[in-house]
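None of the figures in this text is laboratory data; all of them are computed from the coordinates on show. Predicted, not measured: the structure shown is a model, and the values here were computed from it. Cβ: placed from backbone, ideal geometry, glycine included. Neighbour counts: every protein chain shown.
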Amino acid sequence: MKKSGLSLVLFGLLLGFTLPTTSAHAQATRTWVSGVGDDVNPCSRTAPCKTFAGAISKTAAGGEIDCLDPGGFGGVTITKSMTLDCGTSAGGILNAGSVNGVVVNTAASTDKVVLRNLVINGTVSTSPGPGLNGIRWINLGLELHLDRVVITGDSTIAVDVNKTSTGFLYVRNSYFTEVPTGISVASSNSSFVIAAIDNSFFAGMTGNCVGGGGTNIFISISNSVISNCGTGLAATASGTHLNASNNVINNSATGISAVSGANLRTSTNVLNDNTTGISASGASWLTAGDNKVAGGTTTSIGASSPIPVR
């Protein structure tokens, strides 16, 4: 009887060693980061990680990383469908030293990424120097959503989109400043890339605040403020489609620019005190006749009167 009992115990121990253990390495659909977290943790709410990079490997595709409290959670490369949301906390990424804040480089053309309530700061310090780009979206992926995102202080582009497959960029309630270029939309192989921007703010840029170029590039911007730019809104190549409605564009070298062969559609925009209001010579320009230009000239139709309606 004793031998039989001992055999059962030994068998149970052996079975315990040989069965696979998946729970310790399972990816969660929701993980957490905290300013006092640690990346060796499982990234649960009670044992959060320290950085986005630490949490992303423990988060399942299509899952969400949330911020428990204010903090700087470091740069990250996103390679699968994912949401980063810092809710009411100030979730920060400091990307000084010629690095990118967020790189979206997903594995599938159907992947969707959401960035919500984030502050990406490239800094303006001399050492280690400013960051390179706030957000880069490259190669594959179907959708990138930016909701209440702040990007400032990078040395190149706030949001750099350069796709090899069809993609949709959605931007709302966001703020971009002190970067040479705000949002740049391009495709490296003529794929369709469509950007919809609403209720956002762009200021203090030596280049284009919003621009893009290519046959299959479509940019629509509405209800936004664009100020103190080299060019406020720009269609930079023949075939580009730029649609602008109900924006305030002021104090820039050029308010709206569309090169020859581009497609420009404008309605209810107010352009104040730009050196050139609207430059659309050679472009296909359709207007509802309700844009107001005060100051500067409108080069495709001659000098403007004080408040012409175009």
Seminar exercise, completed: Nearest 10, in degrees from 0 to 90: the angle of helix 2-18 to the longest Cα principal axis of the chain is 20
Seminar exercise, completed: Of 143-151, 250-258, 53-61, ordering from highest average Cβ density within 10 Å down gives 250-258, 143-151, 53-61
Problem set entry | the range 39-169: C-alpha gyration tensor shape, a/c 1.5 cut-off, then a/b vs b/c | oblate
Problem set entry | Helix-only [θ]222 nm of the chain, DSSP H runs n ≥ 4, -39500 (n - 2.57) each, per residue, nearest 500 | -2000 deg cm²/dmol
Problem set entry | Euclidean distance between Cα centres, the range 90-113 to the range 21-73, Å | 16
Exercise. When the dipole is taken about the Cα centre of the chain, and only Lys, Arg (+1) and Asp, Glu (-1) are charged at their Cβ, what size is it in debye, to the nearest 20?
Worked result: 720
Problem set entry | Computed over the range 159-294, Kirkwood Rh from alpha-carbon pairs, angstrom | 14.2
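Using a Förster radius of 35 Å, what is the FRET efficiency between ALA26 and SER220 based on their Cβ-Cβ separation? Nearest 0.05, please.
After rounding to 0.05, the efficiency reads 0.25.
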Seminar exercise, completed: Distribution output for the chain: share of Cα-Cα pairs per 20 Å bin in percent, first bin at 0, values 31, 46, 15, 5, 2, 0
Exercise. From the square roots a ≥ b ≥ c of the eigenvalues of the alpha-carbon gyration tensor of the range 106-170, which class results: rounded (a/c under 1.5), prolate (a/b over b/c), or oblate?
Worked result: prolate
Exercise. According to the square roots a ≥ b ≥ c of the eigenvalues of the Cα gyration tensor, what is the shape class of the range 175-215, taking rounded for a/c under 1.5, prolate for a/b larger than b/c otherwise, and oblate for the remainder?
Worked result: oblate
